[in-house]
1. With a 10 Å cut-off between alpha carbons and a GNM built on the chain, which of Y57, Y135, Y82 moves the most?
2. Just in segment 1-74: which trypsin sites (Lys or Arg not before Pro) are loop by DSSP and have at most 16 other Cβ atoms within 10 Å?
3. If we restrict to alpha carbons, what Rg and Dmax does segment 85-139 come to, in Å?
4. Can you give the calculated 222 nm mean residue ellipticity of the chain, where each DSSP H run of n ≥ 4 adds -39,500 (n - 2.57) and the sum is split over every residue, rounded to the nearest 500 deg cm²/dmol?
5. Pick out which of F207, F131, F76 has the largest mean-square fluctuation in a Gaussian network model of the chain, springs linking Cα atoms closer than 10 Å.
6. Computing the accessible area with a 1.4 Å probe over protein heavy atoms, can you report the carbon and sulfur percentage for the chain?
7. Rg and Dmax of segment 89-215, Cα atoms, in Å?
8. Compute the distance from the alpha-carbon center of segment 45-71 to that of segment 118-174, in whole Å.
Amino acid sequence: MDKGKLPLHVGVIMDGNGRWAKKRLMPRKLGHKYGMDRMIGLAEHAKKSGIKYLTVYVMSTENLARRPEDEIEGLFGLIRKYFTVNVKKLFDCGSGIKIIGDISVLPKDVIKILEDAEKASPEKAEFTLVFAINYGGRREIINAVNKALLRGGSVDENSFEALLYTGGVPDPDLIIRTGGEMRLSNFLTYQSAYAELYFSDVLFPDFSDAEFDKALTDFAARERRFGRA
């Protein structure tokens, strides 16, 4: 593929882990384990493909509030058991990470794991994997507005964007949602204004590198006009 037609930043709504497990008569939380393995593999493939930023929707604010407690605990258990090891794999190949969302309400040991990993992230990495954890686009905007009010004065697009969780990260060019649903579910609400959208029926644990490449090929064939005629 022509590197000039690659998206700089891809967002992925990793939907379908629970349904994937249910189809196999497994607990939903086991589906999240397979989803985490696929997420790391996908990040490695995205880096090799020339993508510079990949943002993955790990847990929304709605997930934390509404999913069964055992499923949420299962997600925290995966972070405790696998996050540091998997992130080290990324660091070893020159990748960095960033955490976005309100992690302050998570269990203290989980917060420490996430914060320690982000602090250990290499500077000026050639590829960055962004984890959206307890993330909600509307809440992010409200938080940014409140920060702006505390500072006083007016804001423009550039100064407002710096107040978002994603400050310093370019807007996504392409957002992929797996699992057959066709909505953004409060993901990168402000940042996705001009993102191209790609929906796949494939459940996330089965969303292979080849499926990701299909999305990139589809993106490369589109004409992005940004409001121009």
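1. Result for the chain, Cα springs under 10 Å: Y82 fluctuates most.
2. Working: sites: K3, K5, R19, K22, K23, R24, R28, K29, K33, R38, K47, K48, K52, R66; in loops: R24, K52.
Within segment 1-74, the qualifying trypsin sites (Lys or Arg not before Pro) (loop, at most 16 other Cβ atoms within 10 Å) are R24.
3. 11.7, 35
4. -13000 deg cm²/dmol
5. With Cα springs under 10 Å in the chain, the top fluctuation among F207, F131, F76 is at F76.
6. Numbers: 6120 of 11920 Å².
Its accessible area is 51 percent carbon and sulfur atoms.
7. Taking only Cα atoms of segment 89-215, I get Rg and Dmax of 16.3, 49 Å.
8. Here the answer is 16 Å between Cα centres.
The values are calculated or read from the model by the stated rules, or taken from the named source; none is laboratory data. All figures in this text were calculated on a predicted structure; none of them were measured in a lab. Methodologically, a virtual Cβ is constructed for each residue, glycine included, from the backbone with ideal geometry; neighbour enumeration extends over all protein chains shown. Note: areas computed on protein heavy atoms with side chains; ligands, DNA, RNA excluded. Shrake-Rupley method; radii C 1.70, N 1.55, O 1.52, S 1.80 Å.
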